[in-house]
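These notes concern the structure reproduced below.
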Amino acid sequence: MATPQGKLKLLPLMRLHCPYCGSTPLRTEGSWFYFRTGCKVCDYVYEREPGYFTGASWMVSYAALALFGCGFGALLLYRLPDLDAMWIAAIVSVFLIVFGLWFVPYSMAIWLGFDHIVHPLTPADRYVEKK
Ligand SMILES: [Zn+2]
């Protein structure tokens, strides 16, 4: 297999597939939250070290949730000025819980793509399936 290096493919990444070959799904089968450790087709390593995706949940998810939460809250305040602030906070909180759970794999994919740009894989970074 060719060692995965070079240009990142954004479309497969946003579809939660391997950013290099685009064929292998990033998530393990039947799971919403867990990623495979690598791609069997092109040897791309998804999880480079233990705890690799922790940065995704802290940096990408919180930034996205803060942005969407503030935007949605401001939209509600603008569109429904007579609505009590507690109701707006409750509506935004429920929205953020649902959106946050839905967004977890996408934040991990964004993190993977960002790391690929900043720290491209070397020939030594090959996925080897553990038995
Ligand atoms: Zn691949």
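Of note, residue 97 does not satisfy the criterion of being surrounded by fewer than 12 Cβ atoms within 10 Å (Cβ to Cβ), assigned to a helix (DSSP H, G or I) and modelled with pLDDT under 95. Taken over the stretch 20-50, the criterion of being within 8 Å of the ligand (Cβ to nearest atom) and either acidic (Asp, Glu) or in contact with a helix residue (DSSP H, G or I) (Cβ under 6 Å, 6 or more places away or on another chain) (or both) is satisfied by 22, 43.
The values are calculated or read from the model by the stated rules, or taken from the named source; none is laboratory data. Fair warning: this is a prediction, and the values are worked out from it, not measured in the lab. So basically every Cβ, Gly included, is an ideal-geometry build from the backbone, and we count neighbours across all protein chains shown.
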